[in-house]
Amino acid sequence: MFFRQKEFTVDLSAELKIFSGNANRPLARRIAEYVGVPLGDALVTQFPDKETWVKINDNIRGRDVYIIQPTSPPANHHLMELLIMIDAARRASARRVTAVIPFFGYARQDRKDQPRVPITAKLVANLLTAAGATRVITMDLHAQQVQGFFDIPVDHLYAAPVMFRYFRQKNIPDLVCVSPDIGGVKMVNAYAHMFHAPLAIIAKKRTSASEVEVLNVVGDVKGKNVLMIDDLTETGGTLTRAADVLRKKGAKKIYAAVSHAILNAEAIERLRRSQLEELVTTDSVRRQRVHGVRIVELSVAPLLGEAIVRNHKSESVSSLFEVNGMRAES
């Protein structure tokens with residue numbers, strides 16, 4: 001759809017280097033394979049007191065360096081690995097250092113919604129810049145305004161093209177795209193246009209960090225197959241409660257497409273008991289195999305790899321947002 005068919009005519013490995021922290025090495029290897037360069041040699045380990053220690057073994061002087069590291073749980077540890085790797089690359093005289101963050105942790109802390117609380121997403125943006133990052137490539141931020149927290153360029157990609165190809169092949173009849181909360185309406189509206197399907201919205205009230213109360217469903221789902229779309233699930237509360245309500249409203253099969261599925265034990269138990277036919281997610285974060293839950297994992301390595309190639313060649317990445325004649329960001 002938007003990925004080139006391996007027609008690279010120059011040896012990118014002469015100038016481009018890709019490294020990985022410990023958060024998601026399988027994804028990093030898939031990205032490096034797509035780009036056509038070997039994964040760089042870097043030692044990322046810990047001292048006995050759990051301090052992170054990094055040594056880049058490859059010569060990167062004057063090279064274009066890409067460091068792949070989602071800040072998935074444990075978020076603080078993986079964030080520190082990323083910051084230290086960026087600093088190591090900068091001090092090794094890399095020409096450019098791009099942080100490739102498939103999942104950007106702390107993005108939910110993007111505003112002051114209570115007195116005396118931080119805007120941690122802005123703090124993390126400042127830390128990345130101070131460490132020496134010259135660009136950030138990320139995917140499906142929880143809030144698009146987080147891009148504005150950076151004083152360096154940000155390429156914000158979307159998993160929508162990957163999701164669209166999967167669900168188009170399933171050819172689900174009578175499809176309705178559903179936003180499980182008001183905040184996701186813009187993203188779900190883009191999916192609705194891509195699938196030429198109607199849109200429905202679930203109004204919810206969060207009672208705690210892991211509990212939600214569904215208030216109402218806006219839109220017609222009776223006798224329809226439902227595709228719920230969200231950027232992130234961690235406890236599974238929003239998805240499973242929404243699926244229960246949709247079933248009571250007469251929905252038939254209920255699917256969920258979630259860019260980042262960071263599933264804790266509570267989420268897994270909820271999903272096992274849920275009304276979901278299938279949870280479709282990406283490999284933006286690494287997780288263990290889950291039994292008793294129908295989870296389909298799609299790879300975003302070609303998407304991120306193509307963004308790396310185009311950045312390296314100073315080409316536009318905007319065509320990566322276009323799906324079925326629509327822009328995934330609209």
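The values are calculated or read from the model by the stated rules, or taken from the named source; none is laboratory data. This one's a predicted model, so the numbers in the text were calculated from it and none came from an experiment. Here the Cβ positions follow ideal geometry from the backbone for every residue, glycine too, while neighbour counts run over all protein chains shown.
Give SER284, SER318, SER314 a once-over and let me know the one that is more than 24 Å from PRO70 (Cβ to Cβ) and either in the same structural domain as PRO38 (by TED's automatic domain parsing) or crowded, with 19+ Cβ neighbours inside 10 Å (or both). Please lay out each step first, then the result.
Details: SER284 fails: more than 24 Å from PRO70 (Cβ to Cβ); SER318 fails: more than 24 Å from PRO70 (Cβ to Cβ).
Every option except SER314 fails the conditions.
For the structure I just gave you, tell me whether GLY40 is in contact with a helix residue (DSSP H, G or I) (Cβ under 7 Å, 6 or more places away or on another chain) and among the small types (Gly, Ala, Ser).
Considered against the rule, which asks whether it is in contact with a helix residue (DSSP H, G or I) (Cβ under 7 Å, 6 or more places away or on another chain) and among the small types (Gly, Ala, Ser), GLY40 comes out as no.
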> Within the set of pairs 6 or more residues apart or between chains, which connect a residue that is on the phi > 0 side of the Ramachandran plot inside the stretch 101-123 to a residue that is among the hydrophobic types (A, V, I, L, M, F, W, C) and part of a helix (DSSP H, G or I) with Cβ atoms less than 6 Å apart?
Replying inline: TYR106/ALA121; TYR106/VAL124
>> Suppose we keep only residues that are crowded, with 21+ Cβ neighbours inside 10 Å and not in a loop (DSSP other than H, G, I, E, B) within the stretch 65-82. Which one would you say is farthest from the chain's Cα centre (by Cα)?
In response: VAL65
> Which of the residues spanning the stretch 275-315 are of a type in the set (S, T, N, Q), farther than 21 Å from ALA242 by Cβ and modelled with pLDDT of 90 or more?
Replying inline: SER284, SER299, ASN311, SER314
> Just checking, how many residues over the stretch 154-180 are crowded, with 20+ Cβ neighbours inside 10 Å and hydroxyl-bearing (Ser, Thr, Tyr)?
Replying inline: 2
> Looking at GLN144, GLN114, GLN109, which is the one that is surrounded by fewer than 17 Cβ atoms within 10 Å (Cβ to Cβ) and under 30 Å from ALA256 (Cα atoms)?
Replying inline: GLN144
> For the stretch 164-187, which residues satisfy the criterion of being of a type outside the set (S, T, N, Q) and either outside the structural domain of LEU199 (by TED's automatic domain parsing) or part of a loop (DSSP other than H, G, I, E, B) (or both)?
Replying inline: ILE172, PRO173, ASP174, PRO180, ASP181
> What is the one condition in (1) modelled with pLDDT under 95; (2) more than 19 Å from ILE152 (Cβ to Cβ); (3) not aliphatic (A, V, I, L, M) that ASP110 does not satisfy?
Replying inline: (2)
>> Condition first: within 19 Å of ASP151 (Cβ to Cβ) and among the basic types (Lys, Arg). Can you find one or more residues in the stretch 82-93 that meet it?
In response: yes
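Results for (1) modelled with pLDDT of 95 or more; (2) not in a helix (DSSP H, G or I), shown as yes or no for each residue.
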| position | (1), (2) |
| --- | --- |
| VAL10 | no, yes |
| ARG29 | yes, no |
| MET85 | yes, no |
| ALA99 | yes, yes |
> Can you tell me how many residues in the stretch 222-266 are farther than 22 Å from TYR166 by Cα, surrounded by fewer than 23 Cβ atoms within 10 Å (Cβ to Cβ) and among the aliphatic types (A, V, I, L, M)?
Replying inline: 2
> If the Cβ limit is 7 Å and pairs must be 6+ apart or interchain, which residue in the stretch 259-282 that is of a type in the set (Phe, Trp, Tyr) pairs with which residue that is assigned to a helix (DSSP H, G or I) and surrounded by 15 or more Cβ atoms within 10 Å (Cβ to Cβ)?
Replying inline: none
